[in-house]
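Visitor: Below is the structure I would like to discuss, written out as structure tokens.
The values are calculated or read from the model by the stated rules, or taken from the named source; none is laboratory data. Since we're looking at a predicted model, the values are computed, not measured. Cβ coordinates were reconstructed from backbone atoms using ideal geometry, including for glycine residues, and neighbour counts include every protein chain displayed.
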Amino acid sequence: MRIDIINALKEMKIPNLRWPGGCFADTYHWKEGIGPKEERPTIVNQWWGGVTEDNSFGTHDFLNLCEALETEPYISGNIGSGTVREFTDWLQYVNHEGVSPMADLRRENGREKPWNVRFWGLGNEAWGCGGHMTAEYYIDIYRQYATFMTDWTNSENLYRVASGASGSDYNWTEVLMKNIPKNLIEAVALHYYVVIDWSNKGSAKSFSEKQYFQTMQRAHKIDEYITKHIAIMDQYDPQRKVDLIVDEWGGWYNVEPGTNPGFLYQQNTIRDAMIAGMTLNIFNNHAQRLTMANLAQTVNVLQAVILTHEKKLILTPTYHVMKMYAVHQDATLIPLQLESPLFSFEGENLPAISASASKNETGDIHVSVVNIDSKKSHAATIILPDTKVSQISMDAIGSPNLQDHNTFENPNKIQIQPFDDFIVKKGKLQINIPAHSVLMIKVNAN
């Protein structure tokens, strides 16, 4: 466990952390990751390039990490190759405070008090590497597992997440919403990766103007997907008792040359900051139904927030965007009316500007704004609230080139910087938003 990584993640103010996640989740048997590390069995991780996994990082390590980060754990359970008993034993191991076989085993392994884990995923990508199930088959498996889940301390506090659709698979969502009783489910998941071409994903740091525009097209598409999945959920759950969770998302490119293809290690550029900012704005604006989202990876994989090399560490552009957006947590969404100029390329158009806004408990307003236009800055006008404004301040993330990124030789090339290209005039805030940049506007209420 690296203290520098823990400290960096604390700065992000992570509200929840999902593990083990990915295809590995449905091959993970949790009892192999508890007890003395030297006695834990090794396995071959078929999803990670066939490398040996020594199980040195297990349940205690993950839940203790969450405590250190002051974040809620979200465990993705194995229903692809596991059993109902294995799953419910895990729940008992981490949540049961009284006397029971699993609670006693936890105490033998050095943990007296339970962790009281609330969030539980029932399988991962059941339509794919989680078992290549049909939606009709998965709902029966889900109902079986959900029935036998019991939290002995506070049963109504358990939050069960069904393995949901990929992208535009609306039938999957409809089958789940139609056939899973609402007393057995709290949320349906959705996975979406920003990929230009699955057969050749392109370089993470060497890409053309056309590839950049295509990436922004794919990233923007998630707004349509979320809107349509929510419409299906509203049909079967008009009272919105079941949440939507995007518990894997992010950009996916070819691995960096010379690295293990199975490790999915890639660099992180300004393009990824655009993906992160625009995606988070979309998530925020769907907050009535979409209540949680989990960037797919944390360290050294896909659109990671941290990259390491030996003892060195890089905070990526994505890290800085997510740290910047933390001010929206536990705040109230402010719906926006947004008129955006167009970002055009070879006859195709996208909205250049995305934004989301929130108001916190003290009355301060934060507006996050992203300009994905690769060439043009855009002027924007924001009508200020009627209440008296004591101060306006802004931060920005940007760089001259889309391909710019932090390196181990220059780790601070891209970071959060103060921004002052704005004026306040007659109750309006006028801003010049630079090309390919992310802004966070803070309006202090008096």
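Visitor: Here is a list: MET177, MET216, MET133. Which entry is part of a helix (DSSP H, G or I) and either under 29 Å from TYR253 (Cα atoms) or at pLDDT below 95 (or both)?
Guide: MET216
Visitor: Also, quick follow-up: Among the residues that make up segment 303-318, is at least one of them assigned to a helix (DSSP H, G or I) and in contact (Cβ under 8 Å) with a residue 40 or more places away in the chain?
Guide: Yes: one or more hits.
Visitor: Here's something else I'd like to know. Please work out if GLN297 is among the polar types (S, T, N, Q), farther than 14 Å from GLU248 by Cα and not in a helix (DSSP H, G or I).
Guide: Taking the combined requirement at face value, the residue does not satisfy it.
Visitor: Determine, yes or no, whether ILE365 is of a type in the set (A, V, I, L, M), in contact with a strand residue (DSSP E or B) (Cβ under 7 Å, 6 or more places away or on another chain) and closer than 17 Å to ASN444 by Cβ.
Guide: Considered against the rule, which asks whether it is of a type in the set (A, V, I, L, M), in contact with a strand residue (DSSP E or B) (Cβ under 7 Å, 6 or more places away or on another chain) and closer than 17 Å to ASN444 by Cβ, ILE365 comes out as yes.
Visitor: Here is a further query. Of all residues being at pLDDT 95 or above and assigned to a strand (DSSP E or B) in segment 360-378, which is surrounded by the most Cβ atoms within 10 Å (Cβ to Cβ)? Just the residue, please.
Guide: Filtering first and then ranking leaves ASN371.
Visitor: With the condition kept exactly as written, say whether any residue in segment 127-134 is within 21 Å of PHE62 (Cα to Cα) and of a type in the set (A, V, I, L, M).
Guide: no
Table: residues versus (1) in the same structural domain as ALA165 (by TED's automatic domain parsing); (2) crowded, with 24+ Cβ neighbours inside 10 Å; (3) assigned to a loop (DSSP other than H, G, I, E, B).
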residue: GLU256; (1), (2), (3): yes, no, yes
residue: ILE275; (1), (2), (3): yes, yes, no
residue: MET278; (1), (2), (3): yes, yes, no
residue: MET292; (1), (2), (3): yes, no, no
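Visitor: So, of the residues in segment 24-38 that are assigned to a helix (DSSP H, G or I) and of a type outside the set (Phe, Trp, Tyr), which turns out to be nearest to CYS129 (Cα to Cα)?
Guide: ASP26
Visitor: Considering only residues that are among the aliphatic types (A, V, I, L, M) and not in a loop (DSSP other than H, G, I, E, B), look in segment 100-125 and name the one that is nearest to ASN16 (Cα to Cα).
Guide: So, considering only residues that are among the aliphatic types (A, V, I, L, M) and not in a loop (DSSP other than H, G, I, E, B), the one nearest to ASN16 (Cα to Cα) is LEU122.
Visitor: Just checking, how many residues over segment 417-446 are crowded, with 16+ Cβ neighbours inside 10 Å and either in a loop (DSSP other than H, G, I, E, B) or more than 24 Å from the chain's Cα centre (by Cα) (or both)?
Guide: Result for segment 417-446: 9.
Visitor: Let me ask you something else. Would you point out the residue of segment 110-139, among those that are touching a residue at least 12 places away in the same chain (Cβ under 8 Å) and of a type in the set (D, E, K, R), that is surrounded by the most Cβ atoms within 10 Å (Cβ to Cβ)?
Guide: Out of the qualifying residues, it is GLU125.
Visitor: For segment 393-407, name all the residues that are β-branched (Val, Ile, Thr) and crowded, with 16+ Cβ neighbours inside 10 Å.
Guide: Within segment 393-407, just ILE397 meets the criteria.
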